[in-house]
Each structure stands twice: as structure tokens, then as C-alpha cells.
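The structure appears below as C-alpha cells.
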Amino acid sequence: MDRIRGEFIDIIEWTDDGRDTIVWRFPRYGNEIKMGARLVVRESQVAVFVNEGRLADVYQPGTYTLSTQNMPVLSTLKGWKHGFESPFKAEVYFVTTRQFTDFKWGTQNPVILRDADFGMVRVRAFGTFAAKVVDAAALLRELVGTDPQFRTEEVGEHLRQLIVSKLGSALGSSGVPLLDLAARQDGIGQQLAETLTQELAATGIAVPRFYIENISVPPEVEAAIDTRSRMTIAGNLDDYAKLQAADAIQTAAANPGTGGDALGLGVGMALGQRIVQSTSGAAAPQVPAAQAPAQPAPAPAPGSSDVPPPLPTAPRWFIAVGGQQQGPYDESALAGQVAAGNLTRTTLVWRSGQAAWQPADRIPELTPLLADVPPPLPPQG
């Protein structure tokens, strides 16, 4: 039935009902094409005749009657001189020449670049690209072969691998700093489209459009960029340190507890010290003339020095508790020992310059500390 039906088919055409077919072979029983049949090639198509494994003719969009006049190459190959009264054997491949815009690409592994600002940086990128057939004969020879239905998925992976191999060299040779890549994505995409078209010229495929949707860097590089941006906004390192201290105080306030309170106290003290240091070099405030002293300060006596004597050092005390020496303590620390019950009137104490250990109530300097300490209880009968 296929053979009988083929004898009555007078029109050879293809209406693409999908969006992913690049090459489609017209089905005929025994590859026999009737003499005088009409070939319809639509826009965005070309038809390729293959006879006995050799490419015979390529037809551009239009309507053709298959005869000796319209098939000079095939007639030369066959050497027929009898008017083609009987069917002849040939294969007809329809090739789509429109753009296929649904190709996507992305880097599975990061590409390492050398950047002037950040040194060696790992970047990832993804986007889309368009491909189209510009040489149907080369496509059949290099990629399609005898495939009756050649789809985009069969060539898509090859194109993606080629893109990733060329992406690193394109980004590296562009000389664009990492911070300026977003502004130069269109130019880099155009450069890659030209490079890929030249690379695929032997297969008859061109890449007219190449789009880079995003170029990303690792999180630590993003954090460094954010830090540099904040430093630029702050203006100088001093202001940036204050900004960090303020952020730490806010974080500590949002996390109450012993750790958060200690962190907030420490950061607050550091912030206060930095503020005092930053303002210590400021000029002294001017006193209004109405408040200025009437008489100048008296001049120092001859032979006197403007440098004050050193501050007196507080005595350091040692106490005996449970037969063990503890200390040294200053007077404020001794008050704490009194409150804790370790220092009583009969507790032995000693300090530098004292000949021997003595009870605390015999030392006049400690009398105020022991005012509220009761004497020992009297013996019980």
C-alpha cells in the first residue's frame, strides 16, 4: 500500500508542527520520487536532495517541478537521457533555517579569573543563546548524516560544552574588572557570538545572539564587595569602626542575656574610648571675654617644677584566713573581705613596713572598716 500510495503523491512538502526539529526527511517508499512531482519549500526552509549517498541539489524557498531542467546536478550524476519517464530514487531533507532561541547555557564548574582588585576570583555565569542553520549541506555532512529527524536536543549539549570552553578565555581576554562585568555583559556576549559562529562554521551552524543573564561570585567575594561599599560610604576607617561598633551594640541588644550584655558593654566601652580619642585632639573651648579671669595666674616660684609629684600608692594588705595567707588587698578589697566574714577584729593582718602580724583591731587604719564588726562572743558558762 505504501508503494501504491507513493505512485500518486505529487507534492513533496513539510509543515513543521513542532518547535525543536532542525532536519526532517521526507518519507517515501523505497525513496522513489515521481517524475514531475512538485516540491514546495516554505520560508525558513531549504530542501536538500541526496542521491545514492551524495548531495545532489539544494533548493531555496519556492515551488519547483522535479524535472531535468530543475535538477541539473542530479541529471548529471545519473546521466539520464530519456526524459525521466520513470521514478528516480533520491532522499529529500527539509532543513529549518529559522533561529532557535530556546537554548540555555550555564557553567557547571566555576571559571577562575585574575582580577586587579580581588586577585584570583571564581565566577559562575548562565544565560541563553540562539542558533540557526546557515549551510544546510555542511550540516548534513557533519552532524545529521542519515538521521530522519534531527532535533535541537541532539546538538544543544555540544553547543553548551563549546560555550563553556570559550567563556573563560572571553572573560579573561576582555580585560574588564570584576566590578564592571555587569556593565559590559552585552559586549562580551557579542564577542562570544562571533567566536562561536567562527568555531561552528564547518558544521553550518551560526550563533547570531548570545545573552549573559548573570555573572555571580562566591559568597566570600560578595561579602568583601559589600564591606568595601560600606567603607566607601563611611568615608574613612574611623567612621567605619564606629559603624561596626554601632551594629554590634544593636546585635547585642537584640540578643539579651549574659553574653549579649557583656558584648554590648565591651563594645560600648570601646566605642566610648574611640570617641574620646577622636575628640582629644580638638582645640579647647574658648572662654568668653566677660568670663575671663581678671588677674593672670601667678608665675611659679623660682626653682619650682611644673610637673606634679607622683600619686601616693595605696598600702597593700595581707590577711590570714584559716592558717593561709591571702592578698594583697587594697582598702576597698578589704571592705569586701569584711562583708564576706573573712576579716574580723581578731584576724591577723600585715602590710609592708610592719614588723609582725597583728590583729586587725590594733591597726588604726583599719578601725573604720571594723566599726560595724561585733567583738568576739564572751565565753559561755
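Measuring with a 1.4 angstrom probe and ignoring ligands and nucleic acids, Ile225 comes out at about 40 Å² accessible.
Grab the alpha carbons of the range 168-219, take their convex hull, and tell me the volume per residue in Å³.
Numbers: hull volume 4.5 nm³, N = 52.
For the range 168-219, the hull spanned by Cα atoms encloses 87 Å³ per residue.
Tell me the net charge near Ser44. Cut-off is 10 Å between Cβ atoms, Ser44 excluded, with +1 for each Lys or Arg and -1 for each Asp or Glu.
Working: positive: Arg42, Arg98, Lys132; negative: Asp16, Glu43.
Overall, the nearby charge balance is +1.
Ligands, DNA and RNA excluded, the heavy atoms of Arg316 present near 120 Å² of accessible surface to a 1.4 Å solvent probe.
Based on the Cβ-Cβ distance from Ala371 to Arg228, what FRET efficiency comes out when R0 is 51 Å, to the nearest 0.05? Working from the Cβ atoms, E equals 0.20. Each label was represented as a point 7 Å from its Cα along the Cα-to-Cβ direction; for Arg54 and Lys166 these points are 3.4 nm apart. Between Ser174 and Asp115, how many nm apart are label points set 7 Å from Cα along the C-beta direction? In this crude spin-label approximation the distance works out to 1.2 nm. Between Ala320 and Arg122, the distance separating the two model label sites (each 7 Å from Cα on the Cα→Cβ line) works out to 7.0 nm.
Shape class of the range 315-359 from the alpha-carbon gyration tensor: oblate, with a/c at 1.5 or above and b/c at least as large as a/b.
The values are calculated or read from the model by the stated rules, or taken from the named source; none is laboratory data. Just so it is clear, the model here is predicted, and its values are computed rather than measured. FYI the Cβ positions are ideal-geometry reconstructions off the backbone, even for glycines, and counts take in every protein chain you see. The area values use the complete protein model at the heavy-atom level, side chains included, leaving out ligands, DNA and RNA. Shrake-Rupley method; radii C 1.70, N 1.55, O 1.52, S 1.80 Å.
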